[in-house]
1. With near ligand 2 (Cβ under 10 Å from one of its atoms), within 20 Å of the chain's Cα centre (by Cα) and open to solvent by less than 50 Å² (accessible area, probe 1.4 Å) as the only criterion, which of Ile23, Ile48 stands out?
2. Would you pick out the residues in the stretch 272-292 that are modelled with pLDDT of 90 or more and not in a helix (DSSP H, G or I)?
3. I'd like to check something: does the stretch 75-86 contain any residue that is within 16 Å of ligand 2 (Cβ to nearest atom), within 30 Å of Thr195 (Cβ to Cβ) and modelled with pLDDT of 95 or more?
4. For the structure I just gave you, tell me whether Ile295 is out of contact with any Cys (no Cβ under 8 Å at 6 or more places or on another chain), open to solvent by less than 70 Å² (accessible area, probe 1.4 Å) and at pLDDT below 95.
5. Against the condition closer than 30 Å to Leu169 by Cα and not aliphatic (A, V, I, L, M), how does Arg103 come out, does it pass?
6. Being of a type outside the set (A, V, I, L, M, F, W, C) and more than 30 Å from Leu149 (Cβ to Cβ) is true for just one of Lys123, Lys115, Lys52, Lys45. Which residue is that?
7. Which of the residues belonging to the stretch 244-264 are in contact with a helix residue (DSSP H, G or I) (Cβ under 9 Å, 6 or more places away or on another chain) and either open to solvent by 80 Å² or more (accessible area, probe 1.4 Å) or of a type in the set (A, V, I, L, M) (or both)?
8. Against the condition within 22 Å of the chain's Cα centre (by Cα), away from ligand 2 (no atom under 12 Å from the Cβ) and more than 30 Å from Val197 (Cβ to Cβ), how does Met111 come out, does it pass?
Amino acid sequence: MNKGVIFNIQRYSINDGPGIRTIVFFKGCSMRCAWCENPESIAFKPQIAFHKKKCIDCGSCQEVCPKGVVDIERKNRFDWGKCDNCGTCVDDCSAEALEMIGREMTVDEIMDEVKKDEAFYKKSGGGVTISGGEATSQFEFLENLLKSLKAEGYHVVIETNGLIEWNKLKKIAPNVDIFYFDIKGIDADHHRQNTNVDNAVILKTADKLLKNNYHVVFRIPIIPGMNDSPEDISALDKFLETIGTKEIHLLPFHRFGEDKIEIIQSKQKSLEIPSMNRTELEDIKKKFQYFNGIIVVGGE
Ligand code: SF4
Ligand code: SF4
């Protein structure tokens with residue numbers, strides 16, 4: 001694969017790894033977490049977002065669309081099933097109410113972006129973080145990008161949902177400095193209900209990474225009513241200690257994704273629960289009795 005689909009490259013980030021970082025967001029995800037904060041990252045292909053509040057009803061998109069997707073008089077003005085993502089309407093919209101999410105990029109194009117901040121990486125001990133979506137879902141492209149990043153000597157963090165067989169992940173693992181590895185629950189049934197996938201591969205790969213001495217930080221999103229029961233936390237507590245985990249980050253549930261659901265016509269449903277505050281997360285932290293490593297509340 002010569003090109004990957006990328007939906008954002010964020011410069012000067014001080015989150016998601018040490019120092020000042022550039023974050024490369026891969027589009028497309030292998031899971032369907034009910035609480036996803038980046039619903040625009042789920043689909044693998046580029047897609048159009050419509051920002052209704054910015055729209056001035058000029059009708060230009062309707063005029064330029066070659067596929068008859070738009071009728072601004074209609075209640076649902078876009079018939080997205082007909083859209084081929086050509087981008088003509090996006091370029092034409094003077095109000096910037098239409099946005100193309102995701103674009104194909106070569107490794108060289110990404111490297112050109114990343115290199116712009118090389119001086120910051122050196123000064124701050126930063127580097128590049130690969131995020132998503134789920135980057136390992138575009139495996140060959142990721143493999144090539146990691147080789148290029150390492151050839152330049154950059155520090156690399158990858159954020160992953162862990163849904164990848166160890167035999168595959170081990171091919172790219174030597175080119176990663178830190179894995180930020182999501183663990184969303186131990187109970188197989190709950191995990192399937194919450195994310196639409198089984199967690200057997202995830203837990204096995206987590207174990208293998210540690211057994212092979214890679215630097216792994218497990219990140220645990222705490223979602224009220226989904227994975228925060230005493231039984232859920234106890235199972236996490238024991239699993240993490242048993243496999244020899246050194247550090248975990250507890251991440252609070254936020255409703256960041258909900259504003260985006262309408263913009264991209266996502267089928268994701270609102271969870272209709274409030275965002276968590278730090279005190280609630282500190283209370284969850286106290287429930288980890290067995291795990292002996294570092295627990296960061298909030299985390300990166
Ligand atoms: S071109 Fe942009 S501002 Fe004009 S109707 Fe279409 S979306 Fe709205
Ligand atoms: S991206 Fe192209 S096909 Fe889709 S609505 Fe815009 S102009 Fe029409």
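1. Going through Ile23, Ile48 in turn, the sole match is Ile48.
2. If the condition is that a residue be modelled with pLDDT of 90 or more and not in a helix (DSSP H, G or I), then Lys287, Phe288, Gln289, Tyr290, Phe291, Asn292 are the ones that fit.
3. no
4. No; evaluated as a whole, the condition is false for this residue.
5. So Arg103 passes the test.
6. Lys52 is the lone residue from the list that is of a type outside the set (A, V, I, L, M, F, W, C) and more than 30 Å from Leu149 (Cβ to Cβ).
7. Once the filter is applied, which keeps residues that are in contact with a helix residue (DSSP H, G or I) (Cβ under 9 Å, 6 or more places away or on another chain) and either open to solvent by 80 Å² or more (accessible area, probe 1.4 Å) or of a type in the set (A, V, I, L, M) (or both), the stretch 244-264 yields Lys246, Ile248, Leu250, Leu251, Ile261, Glu262, Ile263, Ile264.
8. yes
The values are calculated or read from the model by the stated rules, or taken from the named source; none is laboratory data. Predicted model only: the values in this text are computed from it and were never measured. Counting neighbours? That spans all protein chains shown, and the Cβs are built from the backbone with ideal geometry, glycine included. With ligands, DNA and RNA removed, areas are computed over all heavy atoms of the protein, side chains included. Shrake-Rupley method; radii C 1.70, N 1.55, O 1.52, S 1.80 Å.
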